[in-house]
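I'd like to ask you about the structure that follows.
The values are calculated or read from the model by the stated rules, or taken from the named source; none is laboratory data. Remember, it's a predicted structure, so these values are computed and weren't measured experimentally. Backbone-built Cβ (ideal geometry, glycine too); neighbour counts: all protein chains shown. Protein only, heavy atoms only, side chains kept; ligands, DNA and RNA dropped before computing areas. Shrake-Rupley method; radii C 1.70, N 1.55, O 1.52, S 1.80 Å.
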Amino acid sequence: TLKQSDFAHQGICFECRYRTQTGDDRWLAWSAAVPDDHHEMIIASARDVTEQKQAARELELAKHQAEEANTSKSVFLANMSHELRTPLNSVIGFTNLLLKNKAANLRDQDLQYLDRILVNGKHLLSLLNDVLDLSKIEADRLEFSEDPLDLCALLQDVVDSLDNAPHSDQLTLQAVLPDHPVKTVLGDRRRTQQVLLNLLGNAIKFTEKGVVEVSLVLAQDGATPLRINVSDSGIGIPADKLDLIFEAFRQADDSTSRRYGGTGLGLPISQSMCRAQGWMIEVASRVGEGSTFSIRLQQEAPPLQHRTPHRSQYRSLHPSPLLAALQANTAVASEATILVIDDDADARTLLERYAQDLGCRVIGVSSGDRGIELARSIRPTLITLDLCMPGVNGFEVLRILREDPELRNIPVVVCSIIGEENRASLVGAVEILDKPVNPQALSDLIQTYMDPHNSPHSSTVLIVDDDPTSRELLSAILEEWGLNITCAANGQEGLKAIETQRPDLVLLDLMMPVLDGFSFIDQLRRQPQYLDLPVIICSAKELTPQERAKLNDKAQQVVSKGESLEQAFQSILPLILHSQHAAGRSHEPP
């Protein structure tokens, strides 16, 4: 009798398929061995593994089908993104134009209706973006950058952007931030801002009266960020529902969804974005007292506890530092006037000190409302603007200047420590300079905008887009600035239009018949005389990382059609068109 251990001597295992008399296939798994060197025999045993084989094949087939379905879903959502964003872009864009009521022929009730259209259009776009983000997360296609983040500046930026958002008069939004520099953390700024906007937006939505507070928790060294806390004094969440809120399409209570709205996607998406950066969202809450949602940045962060916030003094994050000395290599016309709007007296004094070297005069004011008043009376050649000011801040000044037909053409240069971080919000600024300002950069800008021949308002823009509604909307936006507009319905027509008369700028859609945007820009860049022709991609297509990288090499900007379309143009077009004129490029046909 052989022991079981004897079968291990020179043993092998293998599987074979056999055809039975009935024509069926059966799989047998064999184990065979030679007991020892003295036995001239092989001992083997087999077991039928046909069912296991069939189950494995079915599992592999199901896996393959699921992968194909996921790929198809991603392609479908990418295509639907383009198809949905295009009409939404028109709805939002034309509504914005109508709300300006330039002809003054709309009643107050009409404007209220338009405002509701705009709000719901933006809401639809937000829902679409949530679904697309969730799809990217599920497909592991959401990309993140690693940049050093100044969390104090980022939190202040987010709070400022929500300060004018609609909410109850009985609700206070406040930031509790350190008044000294803290260490940066690595993360994706845009994604982190999206998470913070979602957490603060939820806190505002579920707090009818009381306080919503964002704060930064530091380590004992007073410089290392441990947590970002968003606390409210709202309705709170039952303890048995705290895990549920992080599931997609779920909320703590069905009645919450009916009363407050929402899809239940914001928190799951935010949690996924934080985990991808090595962080974690935690929550502590008491029903009827409020909730605290916290982004835990470090593993050694202390346990989270909810503390109901109370109204406190709102503290501005960045006191305005000294403005760097302005130096110029060449004089500017003596009649030129620079209006400096900055609450820092030293900044204004320094600019006045260098006025003689510049060949122009400088008038400084310490507040936004006084700056607007002076702009209307003296009509300066150039305005430099700080953002962090009490009362009417720089963002509000820019908005007022942009909406005033008599002031909108005055070039405004933002000089602020938080300027670059708020680029998307600075509608109407021709340039953004971080403090301390680079003297040569500011000098060059002043000389550029003092030259009357550098005005972009006679520039020609070619719009290449197959959608007539999109062409009409873009034309309406750009014609407000006095730009000359030509249009083409596809890439082939666009190339012919450029050969007939070279434009100063091309706005290019990607998804078009005959010749799409990718092929258009490829053919354009093959011709040396058009290598320096600025092209801005303006498309609703959800770009892959490979497509975006390819376009970044051939286009000045990639702008997504949607809510911020007009703001994006107002930010980038003046810079591009002025640089074209400043370079002295000829726009005659080659």
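Identify, please: which residue in region 179-206 is outside any helix (DSSP H, G or I) and open to solvent by 20 Å² or more (accessible area, probe 1.4 Å) and is, among those, modelled with the lowest pLDDT?
ASP179
Here's something else I'd like to know. Determine whether ILE281 is at pLDDT 90 or above and part of a strand (DSSP E or B). Please lay out each step first, then the result.
On the way: at pLDDT 90 or above: yes; part of a strand (DSSP E or B): yes.
Yes; evaluated as a whole, the condition is true for this residue.
Within region 452-554, which helices (runs of 4 or more DSSP H) (wholly inside it) include 3 or more residues that are open to solvent by 20 Å² or more (accessible area, probe 1.4 Å) and modelled with pLDDT of 85 or more?
Details: elements: 468-479, 491-500, 517-525, 545-552.
Here the list reads 468-479, 491-500, 517-525.
Would you check if there is a residue in region 132-153 being open to solvent by 50 Å² or more (accessible area, probe 1.4 Å), more than 18 Å from VAL214 (Cβ to Cβ), modelled with pLDDT under 80 and not in a loop (DSSP other than H, G, I, E, B)?
Step one: list which residues in region 132-153 are open to solvent by 50 Å² or more (accessible area, probe 1.4 Å), which gives 138, 140-141, 143-144, 146-148, 150.
Within this subset, residues satisfying the condition of being more than 18 Å from VAL214 (Cβ to Cβ) are 138, 140-141, 143-144, 146-148.
Right, trim to modelled with pLDDT under 80 and you get 138, 140-141, 143.
Subset that is not in a loop (DSSP other than H, G, I, E, B): 138.
Yes, region 132-153 has at least one match.
Assuming ASP509 fulfils every condition listed in (1) under 27 Å from the mean Cα position of the chain (by Cα); (2) at positive phi apart from one, which condition is it?
(2)
Separate question: Could you list all residues from region 169-178 that are open to solvent by less than 40 Å² (accessible area, probe 1.4 Å) and either in a loop (DSSP other than H, G, I, E, B) or without any contact (Cβ under 8 Å) to a residue 24 or more places away in the chain (or both)?
LEU177, PRO178
If you check ILE410 against the conditions, is it of a type in the set (A, V, I, L, M, F, W, C), in contact with a Pro (Cβ under 7 Å, 6 or more places away or on another chain) and farther than 19 Å from ASP343 by Cβ?
On the way: of a type in the set (A, V, I, L, M, F, W, C): yes; in contact with a Pro (Cβ under 7 Å, 6 or more places away or on another chain): yes; farther than 19 Å from ASP343 by Cβ: yes.
Yes, satisfied.
Under the condition of being buried (at least 20 other Cβ atoms within 10 Å of the Cβ) and in a loop (DSSP other than H, G, I, E, B), which residue from region 207-234 is nearest to the chain's Cα centre (by Cα)?
Across region 207-234, the extreme among qualifying residues is THR207.
Out of the helices (runs of 4 or more DSSP H) lying entirely within region 293-395, which hold 2 or more residues that are open to solvent by less than 20 Å² (accessible area, probe 1.4 Å) and at pLDDT 85 or above?
Details: elements: 345-353, 355-358, 368-378.
Because the criterion is at least 2 residues that are open to solvent by less than 20 Å² (accessible area, probe 1.4 Å) and at pLDDT 85 or above, the helices (runs of 4 or more DSSP H) in region 293-395 that meet it are 368-378.
For region 85-120, what are the residues that are under 24 Å from SER270 (Cβ atoms) and free of Cβ contacts under 8 Å to residues at least 60 places away in the same chain?
Correct list: VAL119, ASN120.
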